[in-house]
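J.: Got a structure for you, questions after.
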Amino acid sequence: MQRSEAGQIIRERAARSEQIVLVPHAMVRMRERSIDFLDVQRCLRHGKAIRGPYVPSDSITDEPRYDVEAIVDGDWLRVVVELPDERSDIVVVTVIVLQ
């Protein structure tokens, strides 16, 4: 799937909060970086997919990943997601605050 198509799918899926799934690593990073679920959802709904698809060599799922970036409440966020083919969810892998 091309990055632009993935970006559109991410925005559509992020419109429904129940379709956003946070893995434990993402929740830890969110707490460390004082980012809440609404910030993540806003980034996914209004951000741009700036990288992807890629599969890191240490991936457990082998699902393609996309990096989505947006400015949310004055913070420049990057949310790394996977879009599983067999489900209609967005799996949030990690959340990063950029400088």
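J.: Quick one: count up the residues across the stretch 63-79 that are over 16 Å from Gln8 (Cβ atoms), out of contact with any Cys (no Cβ under 7 Å at 6 or more places or on another chain) and buried (at least 20 other Cβ atoms within 10 Å of the Cβ).
T.: Counting residues in the stretch 63-79 that are over 16 Å from Gln8 (Cβ atoms), out of contact with any Cys (no Cβ under 7 Å at 6 or more places or on another chain) and buried (at least 20 other Cβ atoms within 10 Å of the Cβ) gives 1.
J.: Which one is surrounded by the most Cβ atoms within 10 Å (Cβ to Cβ) among residues in the stretch 5-30 that are more than 16 Å from Arg78 (Cβ to Cβ) and of a type in the set (Gly, Ala, Ser)?
T.: Ala15
Laboratory data are not the source of any read-out in this text; all were calculated from the coordinates shown. Quick caveat: nothing in here was measured; it's all calculated off a predicted structure. In this analysis, Cβ positions are derived from the backbone assuming ideal geometry, glycine residues included, and neighbour counts consider all displayed protein chains.
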